[in-house]
Amino acid sequence: LITMVAAGLVGQGRLVLFYAALATIGVLGVQAFLSWLGVVDSTSLFQAGLLSAGFFATAILARLLGQRVMVNEELARQRGVALANERHIGERILERMQDGVLVVDPAGIVLRHNPGGCALLGLERLEGLRLAAIAPALHSVYRDWLAGGVGECEFETAGRRRLHARFVATESIGGEALVFLEDVTRIREQAQHLKLASLGRLTAS
């Protein structure tokens, strides 16, 4: 029976029934030979028949279980590929963003970031650093936001660059949060360009 279970899990198609048929022929053949010798009685033949039926039942059930395992394995593989593709696309998008994106745990430690975050904060590496070491004002607002405060603020970096920070919860098991950083100077310049463009269109009209 153990061999039938193993054959049902690894076998394919009708081979599983073929293995069960071989086992049945072997058991019935031995019982018939012993019965011909007069060693066993008809009760043993009946028990051998039940055992043979058990071979087929076990082989079929093991095969059905093996098919379910294979389907689940293929589904897991497809989901793994889809997840890897989504992660790859997400990383490319974050790399192209001019704004900075930080993934921070509840203790204020930066877990991941995009290149824009390093550029805005003027640091080569952010992973493993605490917000308190990067920008104390940002860390203070982050702690207030975790306590239910406002999730936005403006602060200055060590390079005298003024940034706007916005905190967004990820609803993950670890309680990580996203920190979006925007260059206030760049935003004001873009607004100024829009105003000048509008004024130019108005003047042309």
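The values are calculated or read from the model by the stated rules, or taken from the named source; none is laboratory data. Here the structure is a predicted model, which means the values were calculated and not measured. Cβ placement follows ideal geometry from the backbone for every residue including glycine, while neighbour counts extend to all protein chains displayed. What goes into the accessible areas is simple: the full protein's heavy atoms, side chains included, and nothing from ligands, DNA or RNA. Shrake-Rupley method; radii C 1.70, N 1.55, O 1.52, S 1.80 Å.
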Open item on the list: Regarding the range 90-205, what's the average projected area of the Cα-atom convex hull, expressed in nm²?
Closed with: 9.0 nm²
Task: Where labels lie 7 Å past Cα in the beta-carbon direction, separation of L146 and V27 in nm - done: 6.3 nm
Open item on the list: What is the angle, in °, between the Cα long axis of helix 15-37 and the longest principal axis of the Cα atoms in the chain? Nearest 10 is fine, range 0 to 90.
Closed with: 20 degrees
Task: Contact order normalised by residue count of the chain, Cα under 8 Å, 6+ apart, percent - done: 14 percent
Open item on the list: On a 1.4 Å probe surface of the protein chains, which of H88, H193 comes out largest in accessible area, and what is the full order?
Closed with: H193, H88
Task: Accessible surface of M4 - all protein chains present, 1.4 Å probe, nearest 10 Å² - done: 10 Å²
Task: Cα-centred dipole magnitude for the chain, charges only on beta-carbon of K, R (+1) and D, E (-1), debye, nearest 20 - done: 440 debye
- [ ] Restrict the search to the range 7-113; then list the trypsin sites (Lys or Arg not before Pro) that DSSP places in a loop and that have at most 10 other Cβ atoms within 10 Å of their Cβ.
- [x] R14
Task: Dipole of the chain [Lys/Arg +1, Asp/Glu -1 at C-beta], most positive-end residue of L17, I2, S52 - done: L17
TODO: Take the range 1-45, compute every pairwise Cα distance, and split them into 10 Å bins from 0; I just need the percent in each bin.
DONE: 28, 36, 24, 11
TODO: Enter the accessible area per residue of the range 1-99 (Å², integer; probe 1.4 Å; all protein chains in place).
DONE: 74 Å²
TODO: Averaging sequence separations of C-alpha pairs under 8 Å and six or more residues apart, then dividing by the length of the range 40-162, give the relative contact order as a whole percent.
DONE: 13 percent
Open item on the list: Ratio of alpha-carbon Rg to the 2.2 N^0.38 Å globular estimate for the chain, to two decimals, please.
Closed with: 2.09
Open item on the list: If you filter the range 88-156 for GluC sites (Glu not before Pro), then keep DSSP loop positions with at most 10 other Cβ within 10 Å, what is left?
Closed with: E124
Open item on the list: Can you compute 3J(HN,Hα) from phi for each residue in the range 127-136, using the Karplus curve 6.51 cos²θ - 1.76 cosθ + 1.60 with θ = phi - 60°, rounded to whole Hz and x for Gly and Pro?
Closed with: 4, x, 8, 8, 4, 5, 7, 7, 8, x
